[in-house]
1. Using only alpha carbon positions, build the gyration tensor of the stretch 88-219, then give the equivalent ellipsoid semi-axes as the square roots of 5 times its eigenvalues, largest first, whole angstrom.
2. Less than 14 Å Cβ to Cβ from residue 53, Lys/Arg counted +1 and Asp/Glu -1: what total charge do the surrounding residues give?
3. Have a look at 309, 110, 194 and report the one farthest towards the positive end of the charge dipole of the chain, computed about the Cα centre with Cβ charges (Lys/Arg +1, Asp/Glu -1).
4. At 0.36 nm per residue, minus the direct Cα-Cα distance, what do residue 204 and residue 108 gain on full extension? Give it in nm, one decimal, please.
5. At 7 Å along Cα-to-Cβ for each site, give me the label-to-label distance between residue 249 and residue 74 in nm.
6. When only C-alpha pairs under 8 Å and at least 6 residues apart count, what is the relative contact order of the chain, in percent?
7. Under 15 Å from the Cβ of residue 280, count the other residues' Cβ atoms, weight Lys and Arg +1, Asp and Glu -1, and hand me the total.
8. Heavy-atom accessible area of residue 104 with all protein chains present, probe 1.4 Å, nearest 10 Å²?
Amino acid sequence: MTQDIYCSLLSQTAGEQIYGTAGNGTDVWFVLEYPAVWGAKAMEESKLDDALKEHLQQAAAATPGSRLQLIKRSESRNGSGFSFFIGLSQENDAALYRFQLADFSDLAAMDLPGMVADMRAAPESYAAHKHEEPLFLVCTNGSRDRCCAKFGVPVYLAMAAYAGDQVWQTTHTGGHRFAPTMIVLPHGLYYGRVSVEDATPLVDSYNAGDVYALDRYRGRSCYKAPVQAAEYYLREETHQQSLDAFSLLDAGQQDDVWTCRFRSNGDDLVHELFVFTEESEFVNPQSCHKPATERVPQFRLLSHTVHAPTPA
């Protein structure tokens with residue numbers, strides 16, 4: 001790819017759908033502050049101790065639906081240690097916990113899969129670590145893809161100027177071609193093609209309990225990709241932005257068609273959506289560093305019906 005062409009601009013020009021592209025079935029987040037230069041493979045190429053890297057990677061492997069992110073801020077540190085967050089992004093009772101580390105070696109003593117299990121079974125046992133403010137994680141890792149630095153850094157700076165300590169730079173979130181990309185925790189909301197002008201209203205929207213503009217919304221990470229697409233279509237058709245407006249009842253696949261049923265939490269109506277998965281007609285690079293082009297999944301709504309709740 002030539003230096004004046006960016007994969008994110010090619011994606012936009014092609015009209016690639018942004019919905020259905022969030023982390024697929026991710027509902028646990030291990031988020032470590034690492035205020036150093038990031039390589040393309042940030043964790044692997046970091047200067048963390050090899051044993052600690054292995055500990056974190058094993059913890060992620062032993063925790064289904066988990067993802068490991070590195071974060072940092074642009075300003076210099078004051079020597080107060082490092083933050084480590086565990087986020088739970090399940091559909092109900094999303095939560096965020098913060099641990100202050102004197103040194104990275106403090107992580108070695110943490111049984112992270114066990115802590116996640118305890119947080120789910122007895123969240124009160126970690127009440128002292130409950131972090132009530134959200135995290136807005138903007139991907140700025142230009143070593144991974146130049147779109148993330150060119151387009152992500154201005155969004156990070158604008159958002160940090162407005163929301164302060166709630167905003168962090170983060171490593172690879174997946175989907176460079178949707179840069180600038182970001183994740184909002186604890187709910188695991190993915191956004192893409194975010195502009196500097198979106199920074200303030202996006203923060204305000206989340207703090208008000210709403211999903212931000214649907215043309216920026218990639219999906220909720222606890223859902224699989226076709227379910228994310230179904231949620232998009234449901235919100236588009238109902239004009240409902242409230243984050244807790246719907247709950248997923250079930251989802252199933254037959255060939256290329258997904259059936260997704262959501263309950264409307266305000267009136268208990270059941271929304272049934274049939275979503276067809278097909279390959280894109282266009283071919284584009286998935287990254288500025290990968291000149292090979294690919295077709296990508298696209299989702300089409302076949303039908304949406306509303307049913308009265310089943311009597312108990």
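The values are calculated or read from the model by the stated rules, or taken from the named source; none is laboratory data. Predicted model, so just to flag it, every value in this text is computed and none were measured. Reconstructed Cβ throughout: ideal geometry from the backbone, glycine too, with neighbour counts over all protein chains shown. Each accessible area value is taken on the protein alone, full model and side chains, heavy atoms only, with ligands, DNA and RNA left out. Shrake-Rupley method; radii C 1.70, N 1.55, O 1.52, S 1.80 Å.
1. Working: eigenvalues 148, 63, 37 Å².
Working through the eigenvalues yields semi-axes of 27, 18, 14 Å.
2. Details: positive: 41, 47; negative: 44, 45, 49, 50, 54.
Cβ neighbours under 14 Å give a net charge of -3.
3. So the residue we want is 194.
4. Details: separation 96, 0.36 × 96 = 34.56 nm, distance 3.68 nm.
Going from the current span to full extension adds 30.9 nm.
5. Output for this residue pair reads 4.8 nm.
6. Details: 625 pairs, mean separation 61.0, N = 312.
After rounding, I find 20 percent.
7. On the way: positive: 177, 295, 300; negative: 16, 256, 278, 279, 281, 294.
The answer is -3.
8. Here the residue's solvent-accessible area equals roughly 30 Å².
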